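Have a look at the structure below, then the notes.
The values are calculated or read from the model by the stated rules, or taken from the named source; none is laboratory data. All values reported here derive from a predicted model rather than from experimental measurement. Because the Cβ atoms are built from the backbone with ideal geometry, glycine has one as well, and the counts that use them run over all protein chains shown. The accessibility values were calculated without ligands, DNA or RNA, using every heavy atom of the protein model including side chains. Shrake-Rupley method; radii C 1.70, N 1.55, O 1.52, S 1.80 Å.
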Amino acid sequence: MVSTLEILLAAIPLVLAGVLLVGFLWPATRAMPIAWVVAVLVGFFVWGMPADWIAAASIVGVMTAIQILWIVFGALLLLYTLMQAGAFDRINEGFAKISDDRRVQVILLGFFLATFIEGAAGFGTPAAVVAPLLLALGFPALAAVIAGLVGHIIAVTYGAVGTPIIIGIENPLATTESTNAAITDAGFTVQAYSVEVAVWAATYHALIGFVMPLFAVGMIVYFFGDQDERSLQPAWDVAPLALFSGIAFVVPYWLSAQISAEFPALVGAMVGGAIVVGALKAGYFVPDEEWDFPDQEEWPAHWVGTIEPGQASAPGVEQGASDGATSADGGLVASQMSLLRAWTPYILLVALLVITRVVEPLPAFLQGEAVEVAGTTITAHQLLFTTTWEGIFGTGLSGGIDWVYVPGFWLVLCALIAIPLYGMSGTQVKAAWAEAGEKLVAPFIALVFVIAMVQVMLQSGAHAEGVESMIFVLAQATANAVGPAYPFVAALIGALGAAMAGSNTVSNITFGGFQFEAASQLGLPTQLIVGAQAVGGAIGNLVAIHNVVAALATVGLVGQEGRVMRLNLIPLVYYAVGVGIVATVFSYVFFSGLF
């Protein structure tokens, strides 16, 4: 039996991190090493973790951080490559033809493009790709990060082609004897049950999340508009477009969830995005007046990072020449570059991400597994494709880095393909690589300690039989405290896991079984509660420290984690309360007879 004191001590690392980051606005590079030390002390003295288990858990965190930084590096490299080539000039012009209105750009890029990339890749890729695009269009760096993080949340439950449901819910339930037996006794297969969970998660998202385009626009116009007279009126002026966009997304999104957890985000983004762009081009929902940010000289210093907003081409790239001309140092000039050529690296990126996650047996092969093709077994070079460390220091913990499968490899590949595509010079290429490398130092420090702390807390019960982790203890204490009100907090528990681990999948793995058991003990419909967990795991990404760090790194704004988390608490509270109310009503009023 865990004592009240132990529960309070388990919460100290989280509380300390929150106070330092959000309360005192410390950068993660300062706050998280302290939080990690506190987690280590609690793990050692209170949870009885041996030193080798603490070290092993921290190393798992370091390996996870390296994998995330590989993605960030790729996103930065592609960004700087296109900037050096001047391709962002042409991308700017392309969006201007649809609308120069920043609110419309938030909807098209911050919502539809971000949700599509989340559906295809996951792993924090949307903000890492979309934030630099918005920055290059002239958004303040902080606004670009907020738009990218808020806009993609509705898709996170089905990110990386359904990974949070398939890997986070289905697999753990299938391998846990008690839950597997309970599901089978109720007449389900685990796969069919996971589809039910996916449907309920999509239902919550559809009912609560269809307003997220409007929410994202409201966040941008209110916090990044006129600082003397803040107003939501510019958001209300485009409410018809924003709500139409949300509905155009959630209808195909919800329908596709009835079949599989793999494609709701992709289908919703593609179908909804096509409908909205078509409507705008036909003249529907176009704002009467364009809205823009204040003049840049009026922007507060914390809005801007080390990358200049609107810096669509790097210094030294000549502008104004005709298509196919070259700059003084040999690179292709962008002012008359075709729109297709300017977008080609990103189009190729999305295509590669979809192919490598959908076309079997590529996903397994790229993760270093042996696959059978035409009766022949093919094995990837394990060291080239993945780096793994099994049984670290003799413990039961293992870590790994998927060098090729994760989006970082494909981002770098697209950046390399862009070199001949744009006829870039050696000087331009060298500058792009140097800039990308320099931007990794601060996020490396922050991410290593963030995820090391997370792993110490997650693995604090793994060293001994019958010992639950700090995270599980905190979740169980919450469930015991709220009792019948549990449906209202189920999503918040999922959000806690994602905020800590930065992953909906990890949150589902950590708490999916717990949510199932809690619902069973309280006589609640388990599909609804586990579905709320899957949604909570998505919304927790709004304040997941290492997701925020990764997004900030791509716009040169590391150190503003606390500000981003503080602002993102607004949509998080809205979403969590909304899902809590719906889950409570569904659980006790409409669907109490469900398993």
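Below are the figures for this structure:
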quantity: Alpha-carbon centroid distance for the pair region 31-71 / region 499-562, whole angstrom; calculated: 19 Å
quantity: Rh (Kirkwood; distinct C-alpha pairs) - the chain, Å; calculated: 24.4 Å
quantity: Inter-site label distance for Ala279 and Ala351 at 7 Å from Cα along Cβ, in nm; calculated: 3.0 nm
quantity: Calculated from backbone phi, Karplus (6.51, -1.76, 1.60) coupling profile of region 347-356 in Hz, x at Gly/Pro; calculated: 4, 4, 4, 4, 4, 5, 5, 5, 4, 6
quantity: Accessible surface ranking that places the most exposed of Trp433, Trp291, Trp26 first, with a 1.4 angstrom probe; calculated: Trp433, Trp26, Trp291
quantity: Ranked by how many other beta carbons lie within 10 Å on average, peptides 78-87, 348-357, 180-189 from highest; calculated: 78-87, 348-357, 180-189
quantity: Neighbour net charge for Gly151 - beta-carbon separation under 13 angstrom, K R +1, D E -1; calculated: 0
quantity: Cα-based convex hull volume of region 77-200 per residue, rounded to whole Å³; calculated: 112 Å³
quantity: Fully extended contour minus Cα-Cα distance, from Val373 to Thr189, at 0.36 nm per residue; calculated: 63.3 nm
quantity: Principal axis box of region 454-534, alpha-carbon based, largest edge first, Å; calculated: 32, 25, 18
quantity: Region 405-545 - convex hull of the alpha-carbon atoms, volume per residue in Å³; calculated: 141 Å³
quantity: Candidate aspartates and glutamates - alpha carbon under 20 Å from Lys430, same-chain residues fewer than 8 apart omitted; calculated: Glu308, Glu318, Asp329, Glu438
quantity: Solvent-accessible area, 1.4 Å probe, carbon plus sulfur percent, for the chain; calculated: 64 percent
quantity: By accessible area with a 1.4 Å probe, ligands and nucleic acids excluded, highest first: order of Ser99, Ser231; calculated: Ser231, Ser99
quantity: Accessible-area value, Val371, 1.4 Å probe, nucleic acids and ligands omitted, Å²; calculated: 10 Å²
quantity: Those lysines that a straight Cα-Cα span of less than 29 Å connects to Lys281, excepting residues fewer than 8 apart in one chain; calculated: Lys97
quantity: Selection of GluC sites (Glu not before Pro), region 413-478, meeting DSSP coil and at most 10 other Cβ within 10 Å; calculated: Glu465
quantity: Using alpha-carbon coordinates, inclination of helix 264-281 to the longest axis of the chain, degrees; calculated: 30 degrees
quantity: Å² per residue, accessible surface of region 395-434 at 1.4 Å; calculated: 36 Å²
quantity: For the chain, calculated [θ]222 nm from helices alone, where every DSSP H run of n ≥ 4 adds -39500 (n - 2.57); calculated: -20500 deg cm²/dmol
quantity: Solvent accessible area, Å² - Trp303, 1.4 Å probe, full protein context; calculated: 10 Å²
quantity: Listed peptides 561-568, 219-226, 530-537, 259-266 by packing density, highest first (mean Cβ within 10 Å); calculated: 530-537, 259-266, 561-568, 219-226
quantity: Cβ crowding within 10 Å averaged over residues, with 129-136, 478-485, 146-153 ranked highest first; calculated: 146-153, 129-136, 478-485
quantity: Two-site label geometry, Leu8 and Leu339: point separation in nm, points 7 Å out along Cα→Cβ; calculated: 6.2 nm
quantity: Other-chain or far-sequence residues with amide H under 5 Å of Ala121's (modelled H); calculated: Ala160, Val161
quantity: Largest to smallest accessible area among Ser398, Ser194 [probe 1.4 Å]; calculated: Ser398, Ser194
quantity: Amide H contacts of Thr386 (H built 1.01 Å from N, under 5 Å, at least 5 apart or other chain); calculated: Trp403
quantity: Cα coordinate range in region 2-157, projected on the principal axes (Å, largest first); calculated: 62, 29, 27
quantity: Euclidean distance of C-alpha centroids, region 139-177 and region 257-304, integer Å; calculated: 19 Å
quantity: Per-residue SASA entry for Asp402, accessible area with 1.4 Å probe, Å² rounded to 10; calculated: 40 Å²
quantity: Cα gyration tensor category, rounded, prolate or oblate, for region 361-455 with a/c compared to 1.5; calculated: oblate
quantity: Calculated FRET value between Asn180 and Glu465, using beta carbons and R₀ = 25 Å, to 0.05; calculated: 0.75
quantity: Using θ = phi - 60° and Karplus 6.51 cos²θ - 1.76 cosθ + 1.60, couplings along region 450-460 (whole Hz; Gly, Pro as x); calculated: 4, 6, 4, 4, 4, 5, 4, 5, 5, 9, 5
quantity: Distance in nm between pseudo-label sites at Glu229 and Gln521 (7 Å out along the Cβ direction from Cα); calculated: 5.7 nm
quantity: Theoretical FRET efficiency, 1/(1+(r/R0)^6), r = Cβ-Cβ of Ala485 and Leu41, R0 45 Å, to 0.05; calculated: 0.85
quantity: Per-residue ³J(HN,Hα) for region 197-209, Karplus 6.51 cos²θ - 1.76 cosθ + 1.60, θ = phi - 60°, Hz, x for Gly and Pro; calculated: 4, 4, 5, 5, 4, 5, 5, 4, 4, 5, 6, 9, x
